[in-house]
Structure formats: structure tokens, C-alpha cells
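Just below is one structure, and these are the notes that go with it.
The values are calculated or read from the model by the stated rules, or taken from the named source; none is laboratory data. The structure presented is a predicted model; accordingly, all values stated were derived computationally and were not measured. Here the Cβ positions follow ideal geometry from the backbone for every residue, glycine too, while neighbour counts run over all protein chains shown. Keep in mind that these areas ignore ligands, DNA and RNA; they rest on the heavy atoms of the full protein, side chains included. Shrake-Rupley method; radii C 1.70, N 1.55, O 1.52, S 1.80 Å.
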Amino acid sequence: MKRALLFSLFFSATPALSAQFLDGYWHYKEFLSINPTEKERTLLLSETVRNKPVPISVTQDKPVTISVVYPGQQISDYWVRNIKAFEKRMEELGIKYQLNQVFTRPNVDMRQQSLSLMEAIKNNTGYLIFTLDTTRHRKFIEHVLNSSDTKLILQNITTPVQGWEERQPMMYVGFDHELGANQIADYYKQAIPDGSKYSVLYFSEGYISDARGSSFIQMMEESNSYKLSSSFYTKTTEQSGYESTLKIIEKDPDIKFIYACSTDVALGAAKALKELNRQDVEINGWGGGSAELDAIVQGDLDVTVMRMNDDTGIAMAEAIKWDIENKPVPLVYSGDLAVVTKNDSKETIEKLKQRAFRYSDN
């Protein structure tokens, strides 16, 4: 952790800068490789998540207080399922708790996010579950780390910030974006002929776009066989994905696939391709939630990387249990991922759904 580098969170629409896409963060695998103790803890938590719950071993004097501020107002059902799995596991573990949750739109309801976050800190909440995508998020998190006893769990990020050194949050939890991007890159390298051109539909400017989008570009460039034709930041909505895709095809009708960085954007792109009668252009989803899986079955999406969705909700509950029991909590945890394609059978997809949504579907 003391090998911290000068942090520089740098956003750019210029693909040539993709090699620096995660400057200032420890990559997930890199962090575990140089921290053997952390790796052991992460592996133990992964095993615990996959197993049946074991009730908390200590008696609580009072319920723990937990505040959740999520960008949950999306077509993607990841965030809603996540908190549902979290609550069910907490109940199975026998943990007494009080939960306050706020769902906002990603990178839009900044004022609502700020008010909810400040209220949580003012009320001395025991645990705050938030995310890190923008520089605004980072500034607030640093304020909490420096001036509050509230324990932070950062969702949808698995790469520790180097600049925070010993002032780290309690845990980073999610599905590693780089690993997911790499799995989709492997699919396209096998499915799309060498020499083909492609486009990238980013999330909004921020960490997720860098980790999912710029990392994907870097992986495709390593093969030296594919040409990036264009890239667009979006407003993370279905409509912005739709509009950007129309521009992509107008700019270069010869592209062979579009790499989308989120569910809403992917579904908007799929709608545009259908209207243009361009089923020859492949499009991926990201996350494998219910809407994406339905689109794959219908043939509107070609591939997605599917998160075993409920893993992260379960992991957060187990981490809070360990913390209450005064057991060491791993700094990072990444849930399992699986690639799903339009060629997979309904039976295969159904088995993955049963595993991924084992709490949130019940």
C-alpha cells in the first residue's frame, strides 16, 4: 500500500491515451499479487459468499446503522438486486440493522446524492455504502475518510486508490471491470475477422468508462488486428446509446461491432441497429441483468459478460458480520463473471440466472 503513486484521475475522449486509463489505482490482480495477506482474506470471503450463511457469533447491544446511496434508477437491475441480496443475507446472518437507502440517476442527481450523503454522515451512520465514479464522488469520500468514523464500503469498484495509502475505506466490492472487458474482448477476437473496424460507446466520463472502455481499447490494440473507428461518451441512458449509434453508423457504415459499456447504452444501440436494419453489426451488453438476458434470447444483443449479481450483496453482508466480530475484512472483493452469447441455450442461461439471482429472485 505504501507504494502509492501520485494520483491523477484523467478523463479523455482520446483513445490514444488508453494506456494510462487507470493511473492512480491498483489493478485488482496486481493488488492481490503484492499483498498476500489481502489475497488470503479475499479468497476466504469468496468462499464464504458461495457457501450457506453462518449466523453472527456475537451479541449486538444495538442494531448497526447502514446508509446506501446508489445510482439505481437505470434499466439495469444490478443495484436493486444488490441491495435485496444484501438485506436477505443480513437477515440470514442474524444481524440487527437499520437501513436507509436512496436510489438516484447515475451522474445526474448530484445534488440529491450530496444531500443524502451529508445526512448520513451527520447522523453518524455506522456504515455507508456508496460508489466511486467521478471526481465529485472522490472528494466526498476523502472528506469521510479524513473526518468521520463512518465505515465506507465502495460499490462497483475493485481497484484501490493508491493515493489514499493507509486511509482506505473498509472495502471495495464489485465485479472487476477490467476482467469483464477482457472477456468481451476475447469474444470479439474470436467472432470478428481480423482487420475489422469497431466503435466504443462509453459510460459518462469517469472511472467506469476508463475501466470498462479504455481498457477494452487497449486489449484490442494489443492484437494489432482491429481498428477503432470512433468513440462516444454517453449520458448513460438508452436514448443516448440510440443517438450515438446513429452517429456511429453515419460516420462509418463499415464497422463490424460496437462495444457498449453499460446496459442502458447497449439497449439503445441495439434499437438503433434494428431500425437501420444493421443486424450485421454486433453489439454487446455489460452486466447480464434481466433486460440484457431477455435481449440476448430475442437476438437483439450478441454477447454480454454476466455478473453473478447477488455475490456482491452477500459479500457486503458477510464483511459487516466480520467487522462486528472484529475479524479482518479484505480490502477488495470481486464477484464471479460468465460470458453469455446468443448461441447459448435457454437452459444454460437459466442455470446462470439461478446462480446469479439466487437471493434477489426469491
Exercise for the section: Please name whichever of Leu337, Tyr259, Met219 sits farthest to the positive end of the charge dipole of the chain, dipole taken about the Cα centre and charges placed at Cβ: Lys and Arg +1, Asp and Glu -1. Expected result: Leu337
Handout entry: Cβ charges +1 (Lys, Arg) and -1 (Asp, Glu), total dipole of segment 195-287, debye
Key = 120
Problem - In order through segment 54-61: 3J(HN,Hα) via Karplus (6.51 cos²θ - 1.76 cosθ + 1.60), integer Hz, x for Gly, Pro - result: 10, x, 4, 9, 10, 8, 8, 6
Fill in the blank from the handout: Excluding ligands, DNA and RNA, the carbon-plus-sulfur percentage of the accessible area of the chain with a 1.4 Å probe reads 48
Exercise for the section: Name the long-range amide H neighbours of Thr65: under 5 Å, sequence gap of 5 or more, or other chain; modelled H, no Pro or chain starts. Expected result: Gln98, Gly126, Tyr127
Handout entry: For Ala260, distant residues with modelled amide H under 5 Å away
Key = Leu201, Asn284
Exercise for the section: With the Cα gyration tensor of segment 123-266 in hand, give its eigenvalues times 5 under a square root as the equivalent ellipsoid semi-axes, listed largest first in whole angstrom. Expected result: 35, 16, 11
Handout entry: When each of Lys84/Lys247; Lys84/Lys351; Lys29/Lys251; Lys62/Lys151 is checked by Cα-Cα distance, pairs over 27 Å
Key = Lys84/Lys247; Lys29/Lys251
Handout entry: Given charges at beta-carbon only (K, R positive; D, E negative), |dipole| of the chain in Debye
Key = 580
Exercise for the section: Above 19 angstrom, tally the Cα pairs of segment 310-362 and express them as a % of all pairs, no decimals. Expected result: 44
Completion exercise
Charge dipole of segment 135-275 built from unit charges on the beta carbon (Lys, Arg +1; Asp, Glu -1), centred at mean Cα; most positive-end Cα among Phe175, Ser240, Ser204 is Ser240
Practice task
Using only the C-alpha atoms of segment 226-266, find the volume of their convex hull and express it per residue in Å³.
Solution key: 63
Completion exercise
Under the 7 Å Cα-to-Cβ spin-label approximation, His143 and Ile34 lie apart by a distance in nanometres of 3.1
Fill in the blank from the handout: For the pair Glu325 and Asp361, the simple spin-label estimate (label points 7 Å beyond Cα toward Cβ) gives in nm 2.9
Problem - Rg to Rh quotient for segment 273-362, alpha carbon positions, Kirkwood Rh - result: 1.14
Problem - Residue-wise HN-Hα coupling along segment 290-299, computed from phi with Karplus coefficients 6.51, -1.76, 1.60 (Hz; x: Gly, Pro) - result: 4, 5, 5, 5, 4, 5, 5, 4, 7, x
Handout entry: Candidate aspartates and glutamates for bridging to Lys189, where Cα separation is under 13 Å - those fewer than 8 sequence places away on the same chain excluded
Key = Glu221, Glu222, Glu282
Practice task
May I ask you to order 237-244, 55-62 by the average number of other C-beta atoms within 10 Å around their residues, highest value first?
Solution key: 237-244, 55-62
Exercise for the section: Using a 1.4 angstrom probe, figure out how much accessible area the chain has per residue, in square angstrom, rounded to the nearest whole. Expected result: 43
Handout entry: Peptide ranges 176-187, 318-329, 255-266 listed from the most packed, as the mean C-beta count within 10 angstrom indicates
Key = 255-266, 176-187, 318-329
Practice task
State, to one decimal in nm², a quarter of the convex hull surface area for the C-alpha atoms of segment 208-287, i.e. the direction-averaged projected area.
Solution key: 4.9
Exercise for the section: Evaluate the distance, in nm, between pseudo-label points positioned 7 Å from the Cα of Leu246 and of Lys62 along their respective Cα→Cβ axes. Expected result: 5.6
Handout entry: Percentage, to the nearest whole number, of Cα pairs in the chain over 40 Å apart
Key = 12
Exercise for the section: Return an integer: the convex hull volume of the alpha-carbon atoms of segment 205-350, in Å³ per residue. Expected result: 137
